[in-house]
Amino acid sequence: MFVNGCFWHGHDCHLFRLPATRTEWWRDKIEATKARDSAQCAALQNDGWRVGTIWECAMRGRSRIGLDEVAERCAIWLQGNDERLEVYGHKKGATV
Ligand SMILES: [Zn+2]
């Protein structure tokens, strides 16, 4: 299970915004982190691990779904067979 900060891991949500200063440096840094996350997830799955990611926006900010909902989704995933879990906050315009 990973718990990712939305800024540091470049999540597509309201908690991520590329800084206005040293923008290229930050873009390179965040893109490298995203590439590393993707490679690590693929390597873990290749080794037979199931990979869960909980994004910061699920628990903090205006899109949060709350700890109880996060825990419930994790519990369902842990008891099931899906290889991958991602828990994130409400997307803009989403109804759930
Ligand atoms: Zn997020």
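The values are calculated or read from the model by the stated rules, or taken from the named source; none is laboratory data. All values reported here derive from a predicted model rather than from experimental measurement. Every residue, glycine as well, gets a Cβ built from its backbone with ideal geometry; the counts of neighbours run over all protein chains shown. To get the accessible areas, we keep the full protein, side chains included, count just its heavy atoms, and leave off ligands, DNA and RNA. Shrake-Rupley method; radii C 1.70, N 1.55, O 1.52, S 1.80 Å.
Kindly provide the set of residues from the range 79-96 that are within 16 Å of the ligand (Cβ to nearest atom) and either surrounded by 13 or more Cβ atoms within 10 Å (Cβ to Cβ) or closer than 14 Å to Phe2 by Cβ (or both), ordered by number.
Residues satisfying the conditions are Leu85, Glu86, Val87, Tyr88, Gly89, His90, Lys91.
Does the range 8-19 contain any residue that is within 16 Å of the ligand (Cβ to nearest atom), outside any loop (DSSP other than H, G, I, E, B) and of a type outside the set (Lys, Arg)?
no
When Gly93 is evaluated against the numbered criteria (1) part of a loop (DSSP other than H, G, I, E, B); (2) at pLDDT 95 or above, which criterion, by number, is the only one it fails?
Going through the list (1) part of a loop (DSSP other than H, G, I, E, B); (2) at pLDDT 95 or above, Gly93 breaks only (2).
Among the numbered conditions (1) touching a helix residue (DSSP H, G or I) at 6+ places or on another chain (Cβ under 8 Å); (2) modelled with pLDDT under 95, tell me where Glu83 comes up short.
Only one criterion in (1) touching a helix residue (DSSP H, G or I) at 6+ places or on another chain (Cβ under 8 Å); (2) modelled with pLDDT under 95 is unmet by Glu83, namely (2).
Of all residues in the range 48-78 being outside any loop (DSSP other than H, G, I, E, B) and among the small types (Gly, Ala, Ser), which is most open to solvent (accessible area, probe 1.4 Å)?
Ala71
Just to be sure, is Asp28 more than 16 Å from the ligand (Cβ to nearest atom), part of a helix (DSSP H, G or I), modelled with pLDDT of 95 or more and out of contact with any Gly (no Cβ under 8 Å at 6 or more places or on another chain)?
Taking the combined requirement at face value, the residue satisfies it.
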